1. Which one is nearest to the other protein chains (Cβ to nearest Cβ) among residues in segment B:164-176 that are outside any loop (DSSP other than H, G, I, E, B) and open to solvent by less than 40 Å² (accessible area, probe 1.4 Å)?
2. Please pick out the residue among B:S236, B:S148 that is in the same structural domain as B:T313 (by TED's automatic domain parsing), open to solvent by less than 10 Å² (accessible area, probe 1.4 Å) and modelled with pLDDT of 80 or more.
3. Which of the residues that make up segment B:248-275 are surrounded by 12 or more Cβ atoms within 10 Å (Cβ to Cβ) and either away from every other protein chain (no Cβ under 14 Å) or among the aliphatic types (A, V, I, L, M) (or both)?
4. I'm told B:Y217 meets every condition in (1) open to solvent by 30 Å² or more (accessible area, probe 1.4 Å); (2) within 14 Å of chain A (Cβ to nearest Cβ) except one. Can you identify the failing condition by its number?
5. Go through (1) among the small types (G, A, S); (2) modelled with pLDDT of 95 or more; (3) within 9 Å of DNA strand C (Cβ to nearest atom) one by one and return the number of the condition A:S61 breaks.
6. For segment B:44-66, give me each residue that is buried (at least 19 other Cβ atoms within 10 Å of the Cβ) and of a type outside the set (D, E).
7. Any residue that is touching a residue at least 40 places away in the same chain (Cβ under 8 Å), touching a Leu at 6+ places or on another chain (Cβ under 9 Å) and exposed (fewer than 13 other Cβ atoms within 10 Å of the Cβ) - is there at least one of those in segment B:177-200?
8. Could you grab me the full set of residues in segment B:44-81 that are within 8 Å of DNA strand D (Cβ to nearest atom) and not in a helix (DSSP H, G or I)?
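The values are calculated or read from the model by the stated rules, or taken from the named source; none is laboratory data. What you see is a predicted model; the values in this text were computed from it and never measured. Positions of Cβ are generated from backbone atoms using ideal geometry, with glycine treated the same way; all protein chains shown enter the neighbour counts. Keep in mind that these areas ignore ligands, DNA and RNA; they rest on the heavy atoms of the full protein, side chains included. Shrake-Rupley method; radii C 1.70, N 1.55, O 1.52, S 1.80 Å.
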Number of protein chains: 2
Amino acid sequence: MLTERQLLILKVIIDEFIKSANPVGSRAIAKKDQINYSAATIRNEMADLEEMGYLEKTHTSSGRIPSEKGYRYYVDHIIAPTIKRSEINILNKILENGYFEVEQVVQKAAEVLSRLTNYTSIILGPAIYEAKLKQIQILPLSQHTAVSILVTDTGHVEHRSFSIPFDIKPSDLEKMVNILNDRLYGVPLIYLHEKLHHEVVHLLRKYVNDFEKAYAYLDMMFFQEQPVKVYVGGKSNILLQPEFRDVNKLHSFYTMMEDENEVIKLFQRHEEGIQVRIGKENKADVIKDFSLITATYHTGGDQTGTIALLGPTRMEYRKVISLLNAFSFEMTEALYLWYKGD
Amino acid sequence: MLTERQLLILKVIIDEFIKSANPVGSRAIAKKDQINYSAATIRNEMADLEEMGYLEKTHTSSGRIPSEKGYRYYVDHIIAPTIKRSEINILNKILENGYFEVEQVVQKAAEVLSRLTNYTSIILGPAIYEAKLKQIQILPLSQHTAVSILVTDTGHVEHRSFSIPFDIKPSDLEKMVNILNDRLYGVPLIYLHEKLHHEVVHLLRKYVNDFEKAYAYLDMMFFQEQPVKVYVGGKSNILLQPEFRDVNKLHSFYTMMEDENEVIKLFQRHEEGIQVRIGKENKADVIKDFSLITATYHTGGDQTGTIALLGPTRMEYRKVISLLNAFSFEMTEALYLWYKGD
DNA sequence: TGTTAGCACTCCAGGTCATCGAGTGCTAAT
DNA sequence: ATTAGCACTCGATGACCTGGAGTGCTAACA
C-alpha cells in the first residue's frame with residue numbers, strides 16, 4: 001500500500017513525464033509547489049516506488065519514468081475519481097450543422113477526437129447484425145448483371161454487383177426476392193440466415209423452378225458476412241510522439257493500420273464502458289508500447305459500437321478518459337435522437 | 001545532345017542508384033561488364049554529364065546521383081522503348097477467383113500493385129458522372145427518417161440517410177420520386193441536375209403541393225456532389241525507402257494521405273495514357289521529392305479512372321511503367337467484360 | 001525517527017580530434 | 001582519345017574528454 005506522500009510523488013512524476021517525455025529527477029519534483037520536501041527525501045521515496053515496481057530507470061543515474069504498473073495505478077487510483085463531463089458539448093456543437101447519418105456522425109467523431117488529442121482515433125461502427133431488415137431488392141443492370149441492395153431499419157445500406165449465371169432465370173430471382181421481402185421483413189440481420197434456412201426455404205422451393213442453383217446464388221448475394229465498419233482518424237499523429245521516432249516501430253504500426261481486420265482484432269473482448277489497456281496489456285504485439293483506451297456507445301436500435309484512442313503509454317489519460325466518456329455519451333444521444341426520428 | 005557513351009553511362013548510374021540509393025562512383029561503373037573504359041574516362045564523362053545537368057553531387061568528393069533532369073531523360077529516352085507486356089497476366093490470375101464489382105476490382109488492384117512494387121498505390125475509381133441513372137428510391141425508415149438510394153447502370157450505389165422535416169409530406173416526396181424515375185431514367189449523372197432543372201421542374205410543380213420546400217430537399221438528397229472514390233494501398237511501404245527515414249517528411253506525407261481531397265488533387269490535369277511526374281514536376285509540395293506515375297483505365301461505360309504509383313524519385317521506372325501499362329490494360333478488359341455482362 | 005545536506009559516483013550528450021576510405025579533378029604519359 | 005597516377009576533399013567512424021543531471025549513501029540535524 002502506498003502512503004499519501006508516495007502517491008503524490010507518483011502522480012507528479014507521471015504528470016510531468018506525460019508532459020515532457022523525459023525522465024523525471026528528484027530536484028525537478030522538489031521544486032514543485034505541491035511538494036514540500038527536499039530532493040533527498042524524494043529520492044528515497046522514488047527508490048521505494050521503484051522497488052515496488054511503479055517506476056523505472058533508463059540507466060543507473062537517470063531520472064525515473066513510470067512503469068506500466070505505475071500507469072495502471074495512476075489510472076485506477078489517482079485519476080479515476082476526477083472524470084468530469086466538462087467537455088460534454090464539444091461534439092454536439094459540431095454535429096449541430098446537420099450531420100444526419102450514423103456513418104457521418106461516426107466519421108466526424110473520429111476526426112474530432114484525433115484533432116482534440118493528437119492521438120489516433122479508432123471508431124467501430126455499430127454492429128449491423130442487430131439491425132432489422134427493411135428491404136431486399138435486385139435490380140438488373142444488363143442482361144447478365146444485377147445489383148443487390150439490402151436496407152436495414154437503421155438506414156444501413158449494403159449492396160453488391162453481380163454477374164448472373166446463364167442458368168438462372170431473372171424471373172426466378174424476382175420471385176424469390178418477393179418472397180424474401182414478404183417473409184423476412186423486420187428480422188434482425190443476425191437471424192436472417194437462420195430464418196431463411198428454416199422457415200422460408202420450403203416456400204421458395206414450392207414456387208421457384210430450378211430452385212437449388214438460384215438459392216445458392218441468392219445466399220451469396222445477400223448473406224455474405226460483412227465486417228464491422230472501421231473509421232480511423234489522425235494516423236499521422238503518431239509521428240508527432242517523440243517515442244515513435246523509430247522508423248521500424250512505425251512500419252509495423254502502419255502496416256497493421258492498413259489492414260482493417262487487424263484493427264478490429266485490437267478490440268477483442270472489449271466490454272461495456274471505459275476500458276484502458278496499457279502497453280503489454282494489449283494482446284497485439286504491434287501496439288505493445290501503445291495504450292488503447294476504449295469506450296462504448298449505443299444507437300437507438302440497441303446496437304453498440306466502440307470508440308477508442310490509441311497513443312503512447314505516456315498518454316494524457318485524464319484528458320482522454322474524460323473525452324471518451326463525453327463522446328460516448330454524446331454519440332449515444334445523437335444517434336438515439338436520429339433513430340427515434342427526433 | 002548526348003553521345004552513345006554518355007547515354008550508356010547515364011543509364012548505368014541511374015540503374016545503379018535506383019538499386020542502391022547510394023551515390024555512384026567512377027570505379028564502380030568501370031567494373032561493370034557493359035563498360036570498357038577506365039574509371040578516369042568515366043570521370044570525365046561524368047563531369048560533362050554533371051555540367052549538362054543530368055547528374056549531381058552530394059558533396060565535392062562524392063559519387064554522382066541523378067538529377068531530376070537525369071531521371072526525366074532516363075524515362076523519356078532510355079527506357080521508354082523497353083516497355084513490355086510480360087506482366088500481362090498478373091492481375092487476371094488474381095481476379096479469376098471471382099471479384100465481380102468494379103469497386104472490388106479496383107481495390108484488389110491497388111493492393112496487388114503496392115505489393116508488387118513496394119511503393120504506394122493510388123487508384124481513383126471511375127468518375128461516376130458518366131454513369132447513367134438506373135433508379136432513384138426513397139425508403140421511409142421511421143416517421144421522420146428515410147434513406148435515399150440512387151443506382152446507376154454501372155452498378156454504382158449511392159445512399160444517404162435523412163431526417164424528414166416536419167413540413168414535408170411523405171406522400172409528396174413519393175410523387176416526386178416517381179416522376180423523377182420516369183423522366184430521368186438513363187440520364188448520365190453529370191446531366192442530372194441540369195435536366196432536372198430544365199425539363200422536369202415544371203412537372204413537379206404541377207403535381208406536387210408545397211413544391212418549393214420539397215424540391216430543395218430532394219435536390220439535397222440526390223444531387224449533392226460526390227467525390228471520386230479513392231483507394232490507396234501500401235502506405236506503409238514509404239517507410240521502407242531509405243530516403244524517407246526523416247520523420248518530418250513522413251508527417252506531411254501521411255497527413256496528406258489522410259485527406260482524400262488532397263490525394264485527388266495530386267491528379268489534376270492528368271491525361272490519357274501513362275504519365276510520369278518526377279520530383280518538383282509535381283504541383284503538390286508534399287510530394288516534391290516523390291515521383292508519381294499515373295495511367296488511365298476505362299470501363300465499358302466509357303468512364304475512365306486513374307491508377308498510380310507513388311514512390312521516391314529513385315523509382316524503378318522501368319518496372320513501374322510496364323506494370324501500370326499492364327494493369328491499365330487488364331483493368332480495362334476486366335471491367336469491360338463485367339459491364340457487357342460477359 | 002523522519003528529514004536533509006553533502007559528496008562520491010554513474011551515465012549520457014555533445015564536442016574535438018585523428019584516421020580511413022571512397023571519390024574527384026587534374027596532369028602527364030601512352 | 002584514353003588512361004595511370006597523384007594530390008586533395010569530404011563524410012563516416014571511433015577514441016577521448018568534459019559538463020551536467022541524476023542517483024545512492026552517509027552523517028548530521030530537528
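1. B:L173
2. Working: B:S148 fails: in the same structural domain as B:T313 (by TED's automatic domain parsing).
Residue meeting the stated conditions: B:S236.
3. B:L250, B:M256, B:M257, B:V263, B:I264, B:K265, B:L266, B:F267, B:H270, B:I274, B:Q275
4. Condition (1) is where B:Y217 drops out.
5. Result: A:S61 fails condition (2) only.
6. Within segment B:44-66, B:M46, B:L49, B:Y54, B:L55, B:G63, B:R64, B:I65, B:P66 meet the criteria.
7. Yes, segment B:177-200 contains at least one residue that is touching a residue at least 40 places away in the same chain (Cβ under 8 Å), touching a Leu at 6+ places or on another chain (Cβ under 9 Å) and exposed (fewer than 13 other Cβ atoms within 10 Å of the Cβ).
8. B:T58, B:H59, B:T60, B:S61, B:S62
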